[in-house]
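The values are calculated or read from the model by the stated rules, or taken from the named source; none is laboratory data. These numbers were taken from a predicted model, which means no experiment stands behind them. Because the Cβ atoms are built from the backbone with ideal geometry, glycine has one as well, and the counts that use them run over all protein chains shown. SASA here: full protein model, heavy atoms, side chains in, ligands and nucleic acids out. Shrake-Rupley method; radii C 1.70, N 1.55, O 1.52, S 1.80 Å.
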Amino acid sequence: MTVPPLKKQRTQPETANARIYEATASAPVNIAVIKYWGKRSEALMLPTNSSLSLTLDQDQLQSKTTVRVVVDADGKENDAALWLNGNREKLSGRVTALLARMRALRVTKEAKDASIPRLASKPLLIASVNNFPTAAGLASSASGLACLAFAVNAALQLELPPADISALARLGSGSACRSLFGGFVAWDMGSKPDGSDSVARQVASETHWPNMCALILVASATQKEMPSTAGMQTTVETSPLLQHRIQAVVPDRMAAIEKAIAARDFDSFAEITMRDSNQFHAVCLDTFPPIFYLNHVSHRVISLITMYNQVKSKSNGRKYTVAYTFDAGPNAVLYLLKEDVAEVLRLVNSYFPNGVDAASSSAVDEYYGLSKQFLKAESKAVEQAEQALEAEVSKGVKKFEESGGLKRIIYTTIGDGPRILGAGNAGEGISLFTEAGVPK
């Protein structure tokens, strides 16, 4: 796809008060606890099963996107150019389809009102950045496509409600539809051929369970070998276990986990979450040829959390203190309550030596981020209790021998949906483009 050369684009008219048609938005990552894997329609991005996720705080994990309408370009109609993390990228077929659908909505709006500006066929400049590794199993496509749809809606002044933007975002990335809402979000698979009932809905807001947190243990920041789209298709074609999961497992789990969330029942929430993660990766192994997303660090995290929950349950009366889940990648997402973060973080540090120079504030900040707030010294009694707990845990799981098994630890809470950071002339300081239309 071609775009007008940048030197021919006057993205900002010469008059001082001229209007800029642009929007900059941010959107959050969502991490599913009931996994979506497989499509019944590739063209409409319709899933084979329903799913449910938690939206994470976008102040910690976000995609940020600027969409600029080039109102006076000397170029071909309906062109678009994309920069991702500063690199020029070719638009995928899905992104092209998403933009076409949103342009069509603008055409309809312009046909009804001759007084509004003609933006539908103008070239678009798109710049997007993630503040976390792309394509490493941290749902970057979900946040990225949700952010794109949200920003295009604002830049083209479509004024669509979140539910409609969510349905459009799904065309770019299935799980993107869940990132249009904060808190706890379900994506109902639907049954209609046109996908009109395959929609995301908020199960509970981000304030519903205020002490719910997440620790993300980044075991790899590199792109995964098998992209999710290709993996899903192979699984649908070859895995008998997937069919059992779709028909006999997921419907009951969806109902059960919504009930657990409503009641803030962590034990039920944790068990469903871990069982579903296990089954998702079992389905990947049942695919032929098999798909491997977990690595040796991932397996050790599972063993550590399993043993920790068993030992901890003897003293706190709860069946589970931590729930692990893994998307299509090796990075562990641990859901837990805020009061348990400090102990779990110290346990993870004990079992996964990191080699971080404690005297280097920059090294500590890079590795721990916001989780460093939980590293403060505890009382002697707490320290002794944790040493005893660690001794019990060590009876069932070995410490990781290599330093650097984990690359980074991210602490975050449950957050809200997409935000408009700036629009039109008021968003110039926030824009990812210079006045001349060059990515910053």
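Against the definition (among the acidic types (Asp, Glu), touching a residue at least 24 places away in the same chain (Cβ under 8 Å) and open to solvent by 30 Å² or more (accessible area, probe 1.4 Å)), how does Glu271 come out, yes or no?
Yes; evaluated as a whole, the condition is true for this residue.
If you check Arg88 against the conditions, is it touching a residue at least 40 places away in the same chain (Cβ under 8 Å) and touching a strand residue (DSSP E or B) at 6+ places or on another chain (Cβ under 8 Å)?
no
Yes/no matrix, rows are residues, columns are (1) open to solvent by less than 10 Å² (accessible area, probe 1.4 Å); (2) closer than 30 Å to Leu125 by Cβ; (3) not assigned by TED's automatic domain parsing to the domain that holds Glu42:
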| position | (1), (2), (3) |
| --- | --- |
| Leu158 | no, yes, no |
| Pro162 | no, yes, no |
| Ser166 | yes, yes, no |
| Ser179 | yes, yes, no |
| Asp194 | no, no, no |
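Name the one entry in Gly172, Gly231 that is assigned by TED's automatic domain parsing to the domain that holds Val348 and either crowded, with 18+ Cβ neighbours inside 10 Å or over 30 Å from Glu343 (Cα atoms) (or both).
After applying the criteria, what remains is Gly231.
I'd like to check which strands (runs of 3 or more DSSP E) are fully inside segment 149-235 and have at least 2 residues that are out of contact with any helix residue (DSSP H, G or I) (no Cβ under 9 Å at 6 or more places or on another chain) and either within 30 Å of Lys372 (Cβ to Cβ) or touching a residue at least 40 places away in the same chain (Cβ under 8 Å) (or both).
Of the strands (runs of 3 or more DSSP E) lying wholly inside segment 149-235, those with at least 2 residues that are out of contact with any helix residue (DSSP H, G or I) (no Cβ under 9 Å at 6 or more places or on another chain) and either within 30 Å of Lys372 (Cβ to Cβ) or touching a residue at least 40 places away in the same chain (Cβ under 8 Å) (or both) span 212-218.
Determine which single condition Arg318 fails, assuming it passes every other condition in (1) at pLDDT 95 or above; (2) more than 21 Å from the chain's Cα centre (by Cα); (3) closer than 17 Å to Ala219 by Cβ; (4) not hydroxyl-bearing (Ser, Thr, Tyr).
So Arg318 meets the others, but not (3).
Please name all residue pairs, on different chains or six or more residues apart, with Cβ atoms under 7 Å, provided the first residue is in segment 369-383 and is within 16 Å of Asp59 (Cα to Cα) and the second residue is outside any loop (DSSP other than H, G, I, E, B) and of a type in the set (Phe, Trp, Tyr).
Taking only residues 6 or more apart or on different chains, the pairs are Gly369/Tyr411; Leu370/Tyr411; Ser371/Tyr411.
Only one of Ser26, Ser63 is crowded, with 24+ Cβ neighbours inside 10 Å, in contact with a strand residue (DSSP E or B) (Cβ under 6 Å, 6 or more places away or on another chain) and within 17 Å of Ser140 (Cα to Cα); which?
Ser63
In segment 383-433, how many residues are over 30 Å from Lys312 (Cα atoms), polar (S, T, N, Q) and open to solvent by less than 50 Å² (accessible area, probe 1.4 Å)?
Matching residues across segment 383-433 total 1.
Only one of these is of a type in the set (A, V, I, L, M), touching a Ser or Thr at 6+ places or on another chain (Cβ under 8 Å) and open to solvent by 40 Å² or more (accessible area, probe 1.4 Å): Val250, Val236. Name it.
Val236
Open to solvent by 10 Å² or more (accessible area, probe 1.4 Å) and on the phi > 0 side of the Ramachandran plot: is that true of Asn85 in this structure?
The answer is yes for Asn85.
Do the conditions hold for Ala332, that is, is it in contact with a Ser or Thr (Cβ under 8 Å, 6 or more places away or on another chain) and open to solvent by less than 30 Å² (accessible area, probe 1.4 Å)?
yes
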